[in-house]
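Below: one structure, written as structure tokens.
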Amino acid sequence: MLFTGGAVYVTLALYSIIFFKERTIFLDVSFHLFYIIKDNDFAIQANRFGAALTQIFPLLSARLNLPLKWVMINYSLGVVLYYFGIFWLCAKVFKNERLGLAMVLFSTLMVSYTFWWMQIEFAQGIALTILFFGFIAREKQWQHYNFIEIALFFIILFTIAYFHPLIPVVFIYLFLFFLLEKEQIINRKILWAAGVAFVAILYIKNSLLPAANYDANAVEALDNFELLYPNYLNIPANKNFIQYCLTDYYLLPTGLIIIIGTYLFTRNFIKLALVISFFFGYLLLVNISFYQGMPQFHIESFYLPLSIFVIFPLVYDVAPLVRDKRIFFTILALILIIRLVHIKIRHQPYTERLAWMEHLLEKTDTLSQKKLIISQEDVPLDTLIMVWGSPYEFWLLSTLEGNTRSVLIL
């Protein structure tokens, strides 16, 4: 597993270096980089301080006075190293190859555009949640935890709770999944302690402390349940998701069908109910919240828990049924190769928008003014995807080429 996972993350690391401009000259990443360098500090938003785990790479690079190119490369590479680090801790340090496999699949199974929109706190929080369950799955009783382990227990839980407001959905699913495991993979006392502590932290976060404005505004999307009632099925977001499953997330419904068949065959109806209720319940939550649809790179970040709902049953309940390890690793290798190729292909929209920006800088290079304001009516919005980050994106790109410019697209 270490070799397989290592090969996957080496490939993703190479992508992150080769396409560092595509991954860093894009919306939030450019925004964060600008403030990390300007303020010489972390750029934490909406109290999601867990983002410091990946922002540490560009911050240290800037403090070492490295050239801007290497600050950008280190940020792009650092995000991959973060996910690799969690995989390595699960598979090597905690000696939990199944969780290591789950981490590798989380990084590939339905990742398409979110590899290129790399700073997503939600994805980082889900990965840290996987690490937490690996931490408590070690063969230890609660009374055997030393002071450092107890401190890590609460620090990781606290960080997870603040990573993203939808993280509780993933945590509760994994809590119930392991609670229903007959093998008692995680000691019941430790598992319940984690569940109770997480609920307590969420209560403090949501009831006693002020909510971040961004998260408070996002909750208003739940009003769509009342607005659309009872027409929840015939909405653009559902139609878009079906199309996405045909073009990008084809392994997701395939895995779900295999899981349903396995649970029916083994008569594991409780697990079947858990997977179906979380998969379709969460899908409904996202699609109704954003029923008119939104750019795929953005909504894909919300869909990522769907892969968790599929990956864990595949790893813990389906994979053990494949007795021949050669067949298992052949299937796994085929899946990973297909997904790695798919991820690389999806760089095209980001390379195209980068080319347009470079062309604009070249075309306006002879202007005496270094500041330029353009109406969005005069730019190809289909190519640029979104334009709110244009000042930060053009600052990065122009400074990288040695002639700092300020371009604002209104």
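Output the relative contact order of the chain, whole-number percent, from Cα pairs under 8 angstrom with separation of 6+ residues. Before the final figure, lay out the partial values.
Numbers: 441 pairs, mean separation 92.1, N = 410.
Relative contact order comes out at 22 percent.
Where in the range 342-410 are there chymotrypsin sites (Phe, Trp or Tyr not before Pro) that are in a DSSP coil and have at most 11 other Cβ atoms within 10 angstrom of their Cβ? Walk me through the intermediate numbers first.
On the way: sites: Y350, W356, W388, Y392, F394, W395; in loops: W388.
Counting only loop positions with at most 11 other Cβ atoms within 10 Å, none of the chymotrypsin sites (Phe, Trp or Tyr not before Pro) in the range 342-410 qualifies.
Report, in debye and to the nearest 20, how large the dipole of the range 331-410 comes out about its Cα centre when Lys and Arg carry +1 and Asp and Glu carry -1 on their Cβ. Provide the component values of the computation, followed by the final result.
Details: 8 positive and 9 negative charges, 63 e Å.
Charge dipole, the range 331-410, about its Cα centre: 300 debye, nearest 20.
To the nearest 10 degrees, how steep is helix 236-247 against the longest Cα principal axis of the chain, on a 0 to 90 scale?
Once rounded, one gets 80 degrees.
Give the peptides 2-12, 81-91, 197-207 in descending order of average Cβ contacts within 10 Å, highest first. Intermediate values should be presented prior to the final figure.
On the way: 2-12: 16.8, 81-91: 21.2, 197-207: 14.4.
My ranking of the peptides, most packed first, is 81-91, 2-12, 197-207.
How large is the accessible surface of I185 in square angstrom, using a 1.4 angstrom probe and rounding to the nearest 10?
40
For the chain, give the percent of accessible area contributed by carbon and sulfur heavy atoms, probe 1.4 Å, rounded to a whole number.
Values: 12500 of 19340 Å².
With neighbouring chains kept in place, the figure for the chain is 65 percent.
To the nearest µm²/s, what D does Stokes-Einstein give for the range 23-99 at 37 °C and 0.692 mPa s, using the Kirkwood radius over alpha carbon pairs as Rh?
Numbers: Rh = 13.3 Å.
Diffusion coefficient, whole number: 247 µm²/s.
Longest exposed-loop-site-free stretch of the chain, with GluC sites (Glu not before Pro), DSSP loop and at most 10 other Cβ within 10 Å?
Details: sites that count: E139, E183.
Longest stretch, sites excluded: 184-410.
May I ask for the angle, rounded to the nearest 10°, between helix 296-313 and the longest principal axis of the chain, with both axes built from Cα atoms and the value confined to 0 to 90°?
The two axes meet at around 20 degrees.
If you find the alpha carbon centre of the range 289-356 and of the range 367-395, how far apart are they in angstrom?
Using only Cα atoms, the two centres lie 32 Å from each other.
Report the convex hull volume per residue for the chain, counting only C-alpha atoms, in Å³. Kindly include the intermediate steps, with their values, before the conclusion.
Values: hull volume 64.8 nm³, N = 410.
So the per-residue hull volume is 158 Å³.
With axes computed from alpha carbons, what is the tilt in degrees of helix 2-18 against the longest principal axis of the chain, rounded to the nearest 10 within 0 to 90?
Its long axis makes an angle of about 10 degrees.
The values are calculated or read from the model by the stated rules, or taken from the named source; none is laboratory data. Because the structure is predicted, anything quoted here is derived from the model rather than measured. Using ideal geometry, Cβ is built from the backbone for each residue, glycine included, and neighbour counts are taken over all protein chains shown. Surface areas here come from the heavy atoms of the whole protein model, side chains and all, with no ligands, DNA or RNA. Shrake-Rupley method; radii C 1.70, N 1.55, O 1.52, S 1.80 Å.
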